[in-house]
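What follows is a short report on a single structure.
The values are calculated or read from the model by the stated rules, or taken from the named source; none is laboratory data. All of these numbers come straight from a predicted model, not from anything done at the bench. Note that we place each Cβ from the backbone using ideal geometry, even for glycine, and neighbour counts take in every protein chain shown.
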Number of protein chains: 2
Amino acid sequence: MTSLRRSPEKIRLPLGFSFSAVAAGIKVSGRPDLALAEASGGATAAALFTKNRVAAAPVEVGRALVSTGGRVRAVVVNSGNANCATGRDGIQACQRVCREAGKLFGVPAAEIFPSSTGIIGVRLPAQNICAKLPELIAARSASQRGVRAFAHAIVTTDTRPKIASVRFRASSTEGSTEITVLGIAKGAGMIHPQLATLLVYLFTDVGASARELQPLLREACDHSLNCMSIDGDTSTNDTVLLLASGASGARVRDVRTRKKLSAALTEVCQSLAEQIVSDGEGVQHVIRLFVEQARSREEALLVARTIAHSMLVKTAWAGADPNWGRILAAVGRCDAPIDPIDPSRVQIFIGSQKVCRNGIACAFNERQAHRNLAQPVCDIRVQLGRGRHAVRFLTTDLTAEYVRINADYST
Amino acid sequence: MTSLRRSPEKIRLPLGFSFSAVAAGIKVSGRPDLALAEASGGATAAALFTKNRVAAAPVEVGRALVSTGGRVRAVVVNSGNANCATGRDGIQACQRVCREAGKLFGVPAAEIFPSSTGIIGVRLPAQNICAKLPELIAARSASQRGVRAFAHAIVTTDTRPKIASVRFRASSTEGSTEITVLGIAKGAGMIHPQLATLLVYLFTDVGASARELQPLLREACDHSLNCMSIDGDTSTNDTVLLLASGASGARVRDVRTRKKLSAALTEVCQSLAEQIVSDGEGVQHVIRLFVEQARSREEALLVARTIAHSMLVKTAWAGADPNWGRILAAVGRCDAPIDPIDPSRVQIFIGSQKVCRNGIACAFNERQAHRNLAQPVCDIRVQLGRGRHAVRFLTTDLTAEYVRINADYST
């Protein structure tokens, strides 16, 4: 039986960062909703943001910060309010929080990276947040407890925090050094990242310029956070931020260290993607969808997304129903880029069993397929018979619980 | 309070057609599952079929029939089995039913139009169907009872049959004649028609060539059946068939009759679309979505479909939750054809209240908006501020009941 990675017991801390969280009264529940990550010596930054044209105020502010190649001293995140569709007021509220945090750290507002997540269209209570900043800053610590507090405070409908970390040894002409990559994420609904996803914070103590970091971040995300979907809705607040403190003393200049860092970033992002999907709203079954033999990676992704967003396919999965006809019908309605997909070349597998051969029914053990689908994680493989490209896509079933969670969020 | 049209008490019968249904044991429930519509003097035909590249056997056979401009003597429909993804066997099973029915009517197999609807990937029991044909044919009658029997036998997860009819008077140089248009449809899930939808049968007693019928059919569908969606899944069996018997004595040659016929067809199709959406699987609320001020009709449709297929928007509607932020987020992630939609020009209305002004929150009476959304039918208006094109799109909420219905269909 396969299973997905959960948040680990042991968290490896990169040097140069400290973390904290407090309750600022943004969430009605009174739970912690304001989080801080600080790089005491500053950090270089790379980031990816939502492709949604309705972008939240902190996304606009964060985008400007990163595009100027600026350094980041601290990240301030609130949950319970997305600060989106709040117009000029929203931008000003966001800037006010950055200015206040900058003042307390003795740095310009442009060194504070803001994030928000929660309901859209409600004014951000900037004053309440600013009033809590001294307490938040005083509470920071470079400890596992700090990381867990941060991870807990940024969640909304998540049932658990998402944390992953990897440590590796980099040896260069300058000697041998340990480098650590730590990732923290939130997200359980509105999950269909487009080049970025949700709120994901990656921290490393390697030294790297923003220009060196950006391609590493994009590559790691392409194979992890960009290959998953819970409900096909792309959030207005999606943000992935990578901060490098340089505190380990190692730099990414040499090729071997860069490769190891890339692998570590990808591993952390894949673990976070698995944690996010398995904690998806109302999710009972996670599906690892392998779309193979496509003409291009884009084609494989298109097919994977069409299957993963079909309400009929997702509800069949909720019932552990091996109704492969719905998967085939979803493949059939894909707008394939160049020439149409030929259904008579399509093979579908549930677990290790072939359930559809050359686009038509074939004999299979239905009970076994049902048992496979009833597991917490099930592999489904769709072969298109057109080429050599493949994608591994993480997705979920659609349950009555998802409907319940989302039918009364704001009222 | 607005409401949608239901199937009428009184059915107007076009001349030249008779109808019947029997139980052939395809449905496990033992309910009627085999239906017949016969044009005793034959009829000209126009049809639209699914754009899904996985097309059922009867779609392939019917497409060939219509493309050769052939006449139709009878339509034979079974429910409970889609005869899709059944390969060469499926085509042969379909042809066998047509051959047998043709023999009984004394016409070539090519004058029998076949349809199937139900589960994908299961072999069609052609022998059982053929054995029931004599009883089916003997039972036919040109009566309301016959029409109702036909409409009941073609349903699957529908909770009620869908019937609409219109009668109008055409006066030409040849005198004044009454012309009738009757429509019968089925469908409650896998509803996102692409140029055709589900199973829809339109009967008229006007005289018209296949070439005259086709553009009338397409136009009527574009403004009705192609502007609705329940779950965004396009069926493999979608078929709209229009048959013209000519039995009224009137012909569509003159412009006025053609215009009246076009209006009658559109009215019948719109009524059927409303009946289908309001009987959608698990549907509690029907949403009439008006997307206005788009650059083109295609752009308006794209925005309408993106909103209508968002699981988060649909679940908010299920809870009568005026969470307009999710609608705005869906607009923001549309792949607008030429240049991006500017959120700051977007207005959103729930009922008659504006809830989002220029892409940002505005004060509104939340209780009133909640009350509007709690009605069986609610109007939502999205204005893009880009042009003069608009679309009226019928869609539904996404409820836990939809999940329940679709989580155990085949098992």
Practice item. Determine whether A:Ala74 is buried (at least 18 other Cβ atoms within 10 Å of the Cβ), in contact with a Lys or Arg (Cβ under 8 Å, 6 or more places away or on another chain) and free of Cβ contacts under 8 Å to residues at least 40 places away in the same chain. Key: no
Check your understanding: What are the residue pairs meeting all of these: first residue in region A:338-359, first residue assigned by TED's automatic domain parsing to the domain that holds A:Thr306, second residue of a type in the set (D, E, K, R) and at pLDDT below 90, Cβ atoms under 7 Å, and 6 or more apart or on different chains?
Key -> A:Pro340/B:Arg53; A:Ile341/B:Arg53; A:Pro343/B:Arg53
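So that you can scan it fast, the table gives a plain yes or no per residue for (1) in contact (Cβ under 8 Å) with a residue 60 or more places away in the chain; (2) surrounded by 23 or more Cβ atoms within 10 Å (Cβ to Cβ):
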site: B:Ala47; (1), (2): yes, yes
site: B:Lys51; (1), (2): yes, no
site: B:Gln92; (1), (2): no, no
site: B:Val97; (1), (2): no, yes
site: B:Phe113; (1), (2): yes, yes
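If you go through region A:69-103, how many residues are polar (S, T, N, Q) and within 20 Å of A:Glu38 (Cα to Cα)?
Total meeting the criteria: 3.
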Practice item. Return the only residue of B:Ala164, B:Ala151 being of a type outside the set (D, E, K, R), in contact with a Leu (Cβ under 6 Å, 6 or more places away or on another chain) and surrounded by 15 or more Cβ atoms within 10 Å (Cβ to Cβ). Key: B:Ala164
**Study point:** Residue count, region B:106-135 (criterion: within 13 Å of chain A (Cβ to nearest Cβ), over 18 Å from B:Ala151 (Cα atoms) and either of a type in the set (D, E, K, R) or not in a loop (DSSP other than H, G, I, E, B) (or both))
**Key:** 2
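Have a look at A:Val72, A:Val28, A:Val22, A:Val76 and point out the one that is over 20 Å from the mean Cα position of the chain (by Cα), at pLDDT 95 or above and among the β-branched types (Val, Ile, Thr). So that I can check it myself, show each step before the final result.
On the way: A:Val72 fails: at pLDDT 95 or above; A:Val28 fails: at pLDDT 95 or above; A:Val76 fails: over 20 Å from the mean Cα position of the chain (by Cα).
Being over 20 Å from the mean Cα position of the chain (by Cα), at pLDDT 95 or above and among the β-branched types (Val, Ile, Thr) holds for just one of A:Val72, A:Val28, A:Val22, A:Val76, which is A:Val22.
So, in region B:395-411, of the ones that are hydrophobic (A, V, I, L, M, F, W, C) and part of a helix (DSSP H, G or I), which residue ends up farthest from the other protein chains (Cβ to nearest Cβ)?
Residues of region B:395-411 hydrophobic (A, V, I, L, M, F, W, C): B:398, B:400, B:403, B:405, B:407.
Applying the additional criterion that residues be part of a helix (DSSP H, G or I) yields B:400, B:403, B:405, B:407.
Details: B:Ala400: 4, B:Val403: 5, B:Ile405: 8, B:Ala407: 3 Å.
Out of the qualifying residues, it is B:Ile405.
Restricting to region A:337-368, name every residue that is in contact with a Ser or Thr (Cβ under 8 Å, 6 or more places away or on another chain) and away from chain B (no Cβ under 11 Å). Before you say what the answer is, go through the steps one by one.
Residues of region A:337-368 that are in contact with a Ser or Thr (Cβ under 8 Å, 6 or more places away or on another chain), as a first pass: A:337, A:358-361, A:366.
Result: A:Pro337, single match.
Scan the helices (runs of 4 or more DSSP H) fully inside region B:197-316 and keep the ones with 3 or more residues being surrounded by fewer than 24 Cβ atoms within 10 Å (Cβ to Cβ) and within 14 Å of another protein chain (Cβ to nearest Cβ). Full working, then the answer.
On the way: elements: B:210-222, B:255-278, B:297-308.
Per the criteria, B:297-308.
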Review point. Given the residues B:Ala43, B:Ala56, B:Ala82, B:Ala35, which is the only one that is more than 14 Å from chain A (Cβ to nearest Cβ), within 20 Å of the chain's Cα centre (by Cα) and buried (at least 24 other Cβ atoms within 10 Å of the Cβ)?
Key: B:Ala35
Revision key, fill the gap. Across region B:369-389, the tally of residues that are closer than 22 Å to B:Ile276 by Cα and either more than 11 Å from every other protein chain (Cβ to nearest Cβ) or not small (Gly, Ala, Ser) (or both) stands at 9
Check your understanding: Does region B:298-337 hold any residues that are farther than 16 Å from B:Ile380 by Cβ and in contact (Cβ under 8 Å) with a residue 60 or more places away in the chain, and which are they?
Key -> B:Glu299, B:Met311
Practice item. Residue by residue through region B:371-394, note down the ones that are assigned to a strand (DSSP E or B) and farther than 17 Å from B:Ala294 by Cβ. Key: B:Val377, B:Cys378, B:Asp379, B:Leu394
Review point. Going by the conditions given, is A:Val72 on the phi < 0 side of the Ramachandran plot and within 14 Å of another protein chain (Cβ to nearest Cβ)?
Key: no
